[in-house]
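What follows is a short report on a single structure.
Since every read-out is calculated from the coordinates, none of them should be taken as a lab result. Keep in mind that this is a model prediction, so the values were computed, not measured. Note: ideal-geometry Cβ built from the backbone for every residue, glycine included; neighbour counts use all protein chains shown.
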Amino acid sequence: MSRMSTTVLIRNQEINNACSGFSSKYSGRKEDYFALLYLMKKFNLTLEEAASQVCFGGNECAIDAFYHDKGTRNLYLFQFKWSENHLLFKDSFEKLVLIGIERIFGHSMWRETQNQLLIKLISCISENKSVIDRILIHFVYNGDPIKAEQSKVLDLLRESLESKKYIIDGYFGRQVDMIFQVVSNKKTLGHPFLKKQSAVYPVAFDRSLKVASRNNELIVTFVSLEDLYKMYSELGEKFFEKNIRCGLNDGRMTSHEIKMSLNRILAGEEPTEHFTFYHNGVTLTAQELEFDSQSVRMTEPRLLNGVQTVKTIKEFVDRNKKRGIKLRKFLRNVNVMARIVRSRDEEFLKRVTINNNRQNPIMPWNLRANDLIQLHLEERLRDELHIFYERRENSLRNLSDEELEDMNIGTKKSIQICKLAQTLLALHGEVDRISKMKEVFESQRWYNDTFREKYLTADLRKLVLLYKVHYRIPAIVKEIQYLQHEKYSYVGKIRNLLWCLAIQGLLNDEGLTDHVQTYGTSLVTEANFNYLLKSIASIKLRLILRDTFDDRKYQRCIDESKYSFLKTKAAYNDCMKVAGTKFNWKIRDL
């Protein structure tokens with residue numbers, strides 16, 4: 001019989017008492033005693049029983065604790081964070097995906113560990129192999145489980161984790177359920193936990209072609225407009241999450257042509273089959289594909305190609321809803337060819353997506369749009385500052401006012417991925433790279449150096465403040481040239497250098513804290529912010545440029561109109577030396 005308690009609430013004082021009472025015996029962090037008390041209460045365990053299943057002082061494979069409930073045949077794997085920030089789970093979640101599942105359930109790695117908790121966990125699984133039916137992975141924290149459930153970062157990691165399920169099934173030699181849940185420690189939030197339910201869609205087919213390799217599977221069949229409409233209506237923009245762009249012309253049927261064809265078919269002027277002939281089809285992927293004699297069931301479908309088509313279909317349906325039964329029959333009878341791809345390899349899926357979107361030029365930043373760091377930035381900007389981060393092209397224009405309102409975003413302005421990259425490069429003084437966006441996004445080293453992991457925990461208000469500088473570069477140029485245009489005629493040629501210096505001017509300003517609070521919470525370019533930048537330009541940047549470029553090596557380049565030497569990081573470093581001497585500036589980061 002299970003000894004599990006249904007309600008668990010751990011208070012801060014209880015953890016403090018446990019730390020002071022047991023730290024001499026177990027050592028460890030605050031989260032470790034959170035885990036200890038949670039196991040004791042949830043499963044009615046003694047201190048010694050719970051302690052034997054908690055990892056004190058750090059874990060090897062992102063598991064803080066475990067418990068096997070023989071009554072329910074459940075194996076619980078836990079991660080704990082004493083915080084209300086669900087994004088703190090990102091690193092441990094990644095670790096679980098990259099090495100955790102393989103280390104726990106992969107035969108070849110069993111004896112490579114010295115971690116006592118992992119040894120106990122592996123022994124428990126081995127001894128109870130026949131009586132484990134479900135693996136429940138619980139991430140326990142103090143925050144709102146609804147926010148965690150809506151997190152694109154955690155959702156992407158959950159999908160990556162579920163793609164590892166074949167390792168678990170391979171170990172057990174049978175299908176074992178794997179269930180991921182975000183659990184709230186605070187019962188005042190309403191729901192004690194939120195279980196992520198996978199969306200499953202059956203797609204009927206009469207005939208299909210199938211191509212399969214070891215880890216990849218391709219089905220070629222037909223899907224009805226009803227299926228596509230239902231998926232998009234229920235999943236929303238999440239349906240397009242694996243697409244590298246959002247709503248670009250796909251080079252086949254234009255939006256107008258699709259609407260006209262659908263109108264003719266609905267009016268009975270054209271047979272339904274014509275739409276199938278006209279359209280080249282869509283490409284979808286899914287976490288799992290299950291077949292029976294008449295359909296394929298797609299778990300968590302995502303569209304890799306055909307965003308414009310699906311959006312046009314939804315617009316058409318929404319406009320014609322009054323047609324009722326006739327419209328539903330119409331949707332059911334109109335089909336497009338579909339390629340359905342299932343793969344455990346995210347890089348392979350990315351290549352499939354790229355090759356299915358060749359109709360338009362694919363830029364390197366398109367390929368980075370779904371990186372975890374970009375999702376993380378999007379989520380923090382949305383939740384903390386209510387600013388939309390447009391990591392995917394056209395994603396903002398495809399959102400309705402209602403959708404933006406649901407996201408608590410009240411403006412159509414956005415931070416764009418390329419301009420953010422340029423802002424970070426300007427922050428680093430990388431004058432040369434600001435105009436080399438393709439290379440920055442193509443080079444893994446340059447990309448990592450631009451979007452640094454530490455920025456995920458930085459004050460985003462400061463980042464927004466610096467981002468807004470690029471709007472005012474023309475005004476900075478004019479301010480420096482004011483009254484002495486001939487002397488500073490070259491300034492219009494070195495805008496990227498000015499961008500870098502203006503950012504350092506802000507970061508070295510004694511009123512920075514006030515500026516962050518006043519100007520760092522929106523993308524509005526306030527009049528006083530313009531005045532602040534003009535003041536930095538006239539009082540400091542003009543003098544920095546004068547003293548730096550009065551040097552003979554620079555003056556000769558200016559006299560001969562050879563400005564490339566002025567557009568280098570070496571020139572930036574020389575300017576910052578002058579700024580350090582003249583104004584006590586230091587090169588600052590976020």
**Prompt:** At Glu127 and Thr518, where each label point lies 7 Å from the Cα along Cα→Cβ, what is the point-to-point distance in nanometres?
**Reply:** 6.7 nm
**Request:** Work out, step by step, the length gained on full extension between Leu367 and Arg332: first 0.36 nm times the residue separation, then minus their alpha carbon distance; give nm to one decimal.
**Result:** 9.2 nm
**Item:** Protection-proxy order for peptides 334-341, 583-590, each taking the mean of Cβ atoms within 10 Å per residue, highest first
**Value:** 334-341, 583-590
**Prompt:** Of the GluC sites (Glu not before Pro) in segment 445-496, which ones lie in a loop per DSSP and count no more than 13 other C-beta atoms within 10 Å?
**Reply:** Glu486
**Item:** DSSP-loop GluC sites (Glu not before Pro) across segment 16-86, with at most 12 other Cβ within 10 angstrom
**Value:** none
**Per-bin percent of Cα-Cα distances, segment 448-538 [10 Å]** = 16, 46, 28, 9, 1
**Prompt:** Which three semi-axes in whole Å describe the equivalent ellipsoid of segment 12-195, each the square root of 5 times a Cα gyration tensor eigenvalue, listed largest first?
**Reply:** 24, 21, 15
**Prompt:** Measuring from a point 7 Å past the Cα of Thr276 along Cα-to-C-beta, which residues in segment 322-356 have an amide N at less than 12 Å?
**Reply:** 333-338
**Complete:** Expressed in nanometres to one decimal, the distance between label points 7 Å along Cα→Cβ at Tyr482 and Lys30 is 5.0 nm
**Message:** If Rh is defined by the Kirkwood formula over all Cα pairs and Rg also comes from Cα, what ratio Rg/Rh do you get for segment 53-104?
**Reply:** 1.00
**Request:** Could you tally the net charge around Ser522, taking each other residue with its Cβ under 11 Å from the Cβ of Ser522, Lys/Arg +1 and Asp/Glu -1?
**Result:** +2
**Asked** Want the number for Ala204 to Glu14: 0.36 nm per residue separation, take away the alpha-carbon distance, what's left?
**Response** 62.9 nm
**Partner aspartates and glutamates for Lys577 [C-alpha distance under 17 Å; skip if fewer than 8 residues away on the same chain]** = Glu430, Asp509, Asp547, Asp550, Asp551, Asp589
**Asked** So what's the back-of-envelope 222 nm ellipticity for the chain, counting only DSSP H runs of four-plus at -39500 (n - 2.57) apiece and dividing by all residues, rounded to 500?
**Response** -13000 deg cm²/dmol
**Request:** Any of Lys438/Lys487; Lys230/Lys322; Lys487/Lys567; Lys540/Lys569; Lys164/Lys438 with alpha carbons more than 24 Å apart? Name them for me.
**Result:** Lys438/Lys487; Lys164/Lys438
**Request:** May I ask what percent, to the nearest 5, of DSSP beta bridges between residues of the chain are antiparallel?
**Result:** 60 percent
**Asked** Considering the alpha-carbon set of the chain alone, what are its Rg and its Dmax in angstrom?
**Response** 28.5, 89
**Prompt:** Quick one: if you take sqrt(5λ) for each eigenvalue of the C-alpha gyration tensor of segment 372-583, what semi-axes come out, biggest first, whole angstrom?
**Reply:** 32, 19, 15
**Prompt:** Using the Kirkwood radius built from alpha carbon pairs, what does the Stokes-Einstein equation give as D for segment 200-362 at 20 °C and 1.002 mPa s, in µm² per second?
**Reply:** 133 µm²/s
**Fully extended contour minus Cα-Cα distance, from Ala212 to Glu405, at 0.36 nm per residue** = 65.2 nm
**Request:** On a C-alpha basis, how far is the centre of segment 361-419 from the centre of segment 532-561 in Å? Whole number, if you could?
**Result:** 37 Å
**Request:** Give the peptides 400-411, 145-156 in descending order of average Cβ contacts within 10 Å, highest first.
**Result:** 145-156, 400-411
**Message:** Restricting to DSSP loop positions (anything but H, G, I, E, B) with no more than 13 other Cβ atoms inside 10 Å of their own Cβ, which chymotrypsin sites (Phe, Trp or Tyr not before Pro) remain in segment 447-553?
**Reply:** Tyr482
**Fill in**
Quick shape check on segment 268-314: root eigenvalues a ≥ b ≥ c of the Cα gyration tensor, a/c under 1.5 is rounded, otherwise prolate if a/b tops b/c, else oblate, and it reads oblate
**Message:** Could you tell me what a quarter of the Cα convex hull surface of segment 64-163 works out to, in nm² with one decimal place?
**Reply:** 6.9 nm²
**Asked** Rounded, prolate or oblate: which fits segment 296-411, taking a ≥ b ≥ c as square roots of the Cα gyration tensor eigenvalues, rounded meaning a/c under 1.5, else prolate when a/b beats b/c?
**Response** oblate
**Prompt:** Once amide H atoms are placed 1.01 Å from N in the peptide plane, what residues at a sequence separation of 5 or more from Glu390, or on another chain, have their amide H within under 5 Å of its amide H?
**Reply:** Ile415, Gln416, Ile417
